[in-house]
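Novice: First, the structure itself, so that you have it in front of you.
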Amino acid sequence: MRAVVQRVSHASVTIDGICKSAIDNGMLVLLGIEEPDTQEDIDWLCKKLIGLRIFDDENGVMNKSIQETNGEILVISQFTLMASYKKGNRPSYIRAAKPDIAIPLYNSFCKKLELSLGKPIGTGQFGADMKVELLNDGPVTICMDTKNKE
């Protein structure tokens, strides 16, 4: 699994002109899934995200987690994170999991993250043409890959 995590002042996802989810202060997580991903990847990534200290403390130092700031989370599925760009100029998405594998993993990830956070999270809609708006706070953007845990 790959995730691009952005600290945001606000973020939303719109599908067919209708706002599906919106959050205020928190994190936007763009999530890419590949076929070898498992529950172990979900558990590791959720634990990392919940504990990630990217929010400012009273001294303006990134020292607080999402839970400590009572922040919100928006998760958007994004198969393009699995792009291979080594040959030519047109990316290949062959590494991205097919929907029959990716959808259950995406749903499991969102459920686990919600349980870990202790409150509902916002989501997009798997496979939909989504319009994502955000105000990156910082900017703070972190790329994570469960295949690079060390």
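The values are calculated or read from the model by the stated rules, or taken from the named source; none is laboratory data. This one's a predicted model, so the numbers in the text were calculated from it and none came from an experiment. All Cβ positions, glycine included, derive from the backbone under ideal geometry; neighbour counts span all protein chains shown.
Novice: Looking at THR69, THR80, which one is among the polar types (S, T, N, Q) and not in a helix (DSSP H, G or I)?
Specialist: None of the others qualify; the one that does is THR69.
Novice: Taking the stretch 107-147 on its own, how many of its residues are closer than 23 Å to ILE54 by Cβ, part of a strand (DSSP E or B) and not acidic (Asp, Glu)?
Specialist: Looking only at that region, the number is 13.
Novice: Looking at GLU34, is it surrounded by 14 or more Cβ atoms within 10 Å (Cβ to Cβ) and either farther than 19 Å from SER12 by Cα or among the basic types (Lys, Arg) (or both)?
Specialist: yes
Novice: Additional query: Among the numbered criteria (1) over 18 Å from PHE126 (Cα atoms); (2) charged (D, E, K, R); (3) outside any helix (DSSP H, G or I), which one does LYS47 miss?
Specialist: Among (1) over 18 Å from PHE126 (Cα atoms); (2) charged (D, E, K, R); (3) outside any helix (DSSP H, G or I), the lone unmet condition for LYS47 is (3).
Novice: Now for a different question. Just the residues that are assigned to a helix (DSSP H, G or I) and without any contact (Cβ under 8 Å) to a residue 12 or more places away in the chain, please, taken from the stretch 83-106.
Specialist: Once the filter is applied, which keeps residues that are assigned to a helix (DSSP H, G or I) and without any contact (Cβ under 8 Å) to a residue 12 or more places away in the chain, the stretch 83-106 yields ASP100, PRO104.
Novice: Another question about this same structure. Determine which single condition LYS112 fails, assuming it passes every other condition in (1) among the charged types (D, E, K, R); (2) in contact with a strand residue (DSSP E or B) (Cβ under 8 Å, 6 or more places away or on another chain); (3) surrounded by 13 or more Cβ atoms within 10 Å (Cβ to Cβ).
Specialist: So the condition that LYS112 fails would be (2).
Novice: So, SER21, is that one touching a residue at least 24 places away in the same chain (Cβ under 8 Å), assigned to a strand (DSSP E or B) and either β-branched (Val, Ile, Thr) or surrounded by fewer than 16 Cβ atoms within 10 Å (Cβ to Cβ) (or both) or not?
Specialist: no
Novice: Here is a list: GLU72, GLU58, GLU34. Which entry is modelled with pLDDT of 95 or more, of a type in the set (Asp, Glu) and within 19 Å of ASN148 (Cα to Cα)?
Specialist: Of the residues listed, the single one that is modelled with pLDDT of 95 or more, of a type in the set (Asp, Glu) and within 19 Å of ASN148 (Cα to Cα) is GLU34.
Novice: Let me ask you something else. Quickly run through the stretch 41-57 and pick out the residues that are surrounded by fewer than 15 Cβ atoms within 10 Å (Cβ to Cβ) and either among the aliphatic types (A, V, I, L, M) or in contact (Cβ under 8 Å) with a residue 40 or more places away in the chain (or both).
Specialist: Residue satisfying the conditions is LYS47 alone.
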